[in-house]
Amino acid sequence: MAFNPGMMFKIKGAWERFIQNHPKFPMFLRAAAATGIKEGYIIEVKITDTEGKTICTNVKLTDSDMDLIDVIKDMSTNGR
């Protein structure tokens with residue numbers, strides 16, 4: 001997959017709109033980062049639709065996942 005600089009600007013713009021709409025989310029990420037997210041931690045995501053149906057999954061972080069976690073932390077601190 002080739003690097004697309006335009007996509008990075010698109011992601012940055014979408015992230016900035018997201019945090020404007022959901023200002024508590026970056027605060028949550030900062031709080032989570034302050035505790036030191038580490039390999040072996042489990043991240044759980046739950047989605048509830050407008051009818052109340054839910055789906056849920058979780059991932060146990062590996063060493064290679066930590067690069068993405070660092071990028072997300074950087075986006076969180078640079079976005080606000």
- Please find, among 48, 57, 35, 62, the residue that is open to solvent by 90 Å² or more (accessible area, probe 1.4 Å) and of a type in the set (Ser, Thr, Tyr). 35
- Message: Quick test of your reading of the structure: residue 29 fulfils all but one of (1) in contact with a Gly (Cβ under 9 Å, 6 or more places away or on another chain); (2) hydrophobic (A, V, I, L, M, F, W, C); (3) open to solvent by less than 60 Å² (accessible area, probe 1.4 Å). Name the failing condition by number.
- Response: (1)
- Query: Which residue pairs have Cβ atoms closer than 9 Å, lie 6 or more positions apart in sequence or on different chains, and pair a first residue in the stretch 3-23 that is at negative phi and open to solvent by less than 80 Å² (accessible area, probe 1.4 Å) with a second residue that is hydroxyl-bearing (Ser, Thr, Tyr) and assigned to a helix (DSSP H, G or I)?
  - Reply: 15/76; 19/76
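For every residue, the table says whether it meets (1) of a type outside the set (Gly, Ala, Ser); (2) part of a strand (DSSP E or B).
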position: 2; (1), (2): no, no
position: 33; (1), (2): no, no
position: 36; (1), (2): no, no
position: 52; (1), (2): no, no
position: 56; (1), (2): yes, yes
position: 66; (1), (2): yes, no
position: 72; (1), (2): yes, no
- In the stretch 8-51, which residues are among the aromatic types (Phe, Trp, Tyr) and out of contact with any Phe, Trp or Tyr (no Cβ under 9 Å at 6 or more places or on another chain)? 9, 15, 28, 41
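The values are calculated or read from the model by the stated rules, or taken from the named source; none is laboratory data. None of these values were measured; they are calculated from a predicted model. A quick note on method: Cβ atoms are made from the backbone with ideal geometry, for glycine too, and the neighbour counts reach across all protein chains shown. Keep in mind that these areas ignore ligands, DNA and RNA; they rest on the heavy atoms of the full protein, side chains included. Shrake-Rupley method; radii C 1.70, N 1.55, O 1.52, S 1.80 Å.
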